[in-house]
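These notes concern the structure reproduced below.
The values are calculated or read from the model by the stated rules, or taken from the named source; none is laboratory data. These numbers come from a predicted model, not from an experiment. Glycine gets a Cβ as well: all are built from the backbone with ideal geometry, and neighbour counts include every protein chain shown.
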Amino acid sequence: MLLSTALMALSLGTTGNIAHAAGFQVKTMRDPLPSREFERGLVIGKGWAEWAFGADIKTATGYWDGQGNKRDWANTKFTHSTQRLTVRYGLSRRAELWMELPFVYERLTNPDAGTDLSQFGIGDPRFGWKYEPFRSMAPVTSLILYTWYKGPAGNESPGNSGGGPDSFTDFVVSTGTPDMAFGAAGKRQIGPLAFTLDLSYIRRFSGVTMWAVETTYNRYSGRVKPGDITRVAGDVMLQLGPVAVHGGADFQLRQVLKSGNSVTGLFPGRDLAPVEGSEGWSLDAPVGVVLNLTRGVDIDLALRVPVRGEDLQFFPIEDLQPTRGTTYSGTLELRY
């Protein structure tokens, strides 16, 4: 009996599998994720998490006038760069949560005037949600609805109380007001090609900001309502082995910005006056290349070329009317 028990234990020890889990093992509950960019849907999929470390840099030497014509500054350069961390998580088979935390560096130089100002600080974070009501694979078709919220967190003061509101000592990197976006996007794969279309409306709420200077009494603070944005963007991608090249267009129509004093009641911004010439439209041409190193590692290199912009009335607030310049981007994506 004792010998029989020992032989049975030895047999189980040599032929049985021990169930165990480790922190970096492949998760069996996650959705499949294609290794090539053109075959992926617009949500990351259940059980997947992605960390993207990226940077965008633009050096502007000019602007757009009120008629949308290109104008150059006289020996002046403005550098605007954003270092960002973006996290995506597949909450379910049809839903994704994401967040983006940016840090902004800006520098303005003009040797003729002896100007050399720079500043580094936090930008405005965004939090978003995507829902995919329809998806098919091989070839992929992905239709999503999404929303995101931008909270004001960056510097919104152009100076300090000692120097007075008219002294420009700091860069304003935030509108000081929140945004909420609602949109829909679709992606369709045809052979080695993938077509993406994105439609969205960005509602920009009013708020009391420190960069809106009240000039009658020469003091800070005033209520501002940035113009809402209607956005249409499209992209065409071609997959060539582990490399995906893509390009498209990004059109934005901005409504008029309003400013003034707050009023009492449920709608403190209802009496704000429109700022003449603050509305307009812009068109950019983004192009890029995605290197699919492995299923869990991608490198995304891109640039955004401005085709047409708006009158630069609110320099240097890039979130209102961007300066004219090509933006170069690089992102390392790690997913598990």
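Below are the figures for this structure:
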read-out: Meets criteria (free of Cβ contacts under 8 Å to residues at least 40 places away in the same chain, charged (D, E, K, R) and surrounded by fewer than 17 Cβ atoms within 10 Å (Cβ to Cβ)) for residue 203; value: yes
read-out: Residues within region 4-58 that are at pLDDT below 50 and part of a loop (DSSP other than H, G, I, E, B), tallied; value: 10
read-out: Options 289, 305: the member that is without any contact (Cβ under 8 Å) to a residue 24 or more places away in the chain and part of a strand (DSSP E or B); value: 305
read-out: Yes/no for residue 309 being buried (at least 19 other Cβ atoms within 10 Å of the Cβ) and under 19 Å from residue 327 (Cα atoms); value: yes
read-out: Unique match (being under 22 Å from residue 146 (Cα atoms), hydrophobic (A, V, I, L, M, F, W, C) and touching a Ser or Thr at 6+ places or on another chain (Cβ under 6 Å)) among 253, 197; value: 253
read-out: Tally, over region 308-336, of residues that are under 19 Å from residue 246 (Cα atoms) and either without any contact (Cβ under 8 Å) to a residue 40 or more places away in the chain or among the small types (Gly, Ala, Ser) (or both); value: 2
read-out: Qualifying residues in region 206-229 (those that are surrounded by 17 or more Cβ atoms within 10 Å (Cβ to Cβ) and of a type in the set (Lys, Arg)) - the one modelled with the highest pLDDT; value: 225
read-out: Some residue of region 171-179 being of a type in the set (D, E, K, R) and either exposed (fewer than 15 other Cβ atoms within 10 Å of the Cβ) or not in a strand (DSSP E or B) (or both); value: no
read-out: Strands (runs of 3 or more DSSP E) lying entirely in region 197-272 (those with 3 or more residues that are over 14 Å from residue 177 (Cα atoms)); value: 229-240, 243-254
read-out: Among the residues listed as 136, 167, 142, 157, the single one being polar (S, T, N, Q), modelled with pLDDT under 95 and more than 30 Å from residue 259 (Cβ to Cβ); value: 136
read-out: Top-ranked residue in region 309-336 [being in a loop (DSSP other than H, G, I, E, B), of a type in the set (Asp, Glu) and touching a strand residue (DSSP E or B) at 6+ places or on another chain (Cβ under 8 Å); ranked as modelled with the lowest pLDDT]; value: 310
read-out: From 290, 263, 245, 256, residue being touching a Leu at 6+ places or on another chain (Cβ under 6 Å) and β-branched (Val, Ile, Thr); value: 245
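For every residue, the table says whether it meets (1) touching a residue at least 12 places away in the same chain (Cβ under 8 Å); (2) among the aliphatic types (A, V, I, L, M).
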position	(1), (2)
103	yes, no
111	yes, no
116	no, no
127	yes, no
136	no, no
140	yes, yes
144	yes, yes
153	yes, yes
156	yes, no
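Condition check ((1) of a type in the set (A, V, I, L, M); (2) surrounded by fewer than 20 Cβ atoms within 10 Å (Cβ to Cβ)) across all residues:
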residue: 238; (1), (2): yes, yes
residue: 249; (1), (2): yes, yes
residue: 262; (1), (2): no, yes
residue: 277; (1), (2): no, yes
residue: 287; (1), (2): yes, yes
residue: 300; (1), (2): no, yes
residue: 313; (1), (2): no, yes
residue: 322; (1), (2): no, no
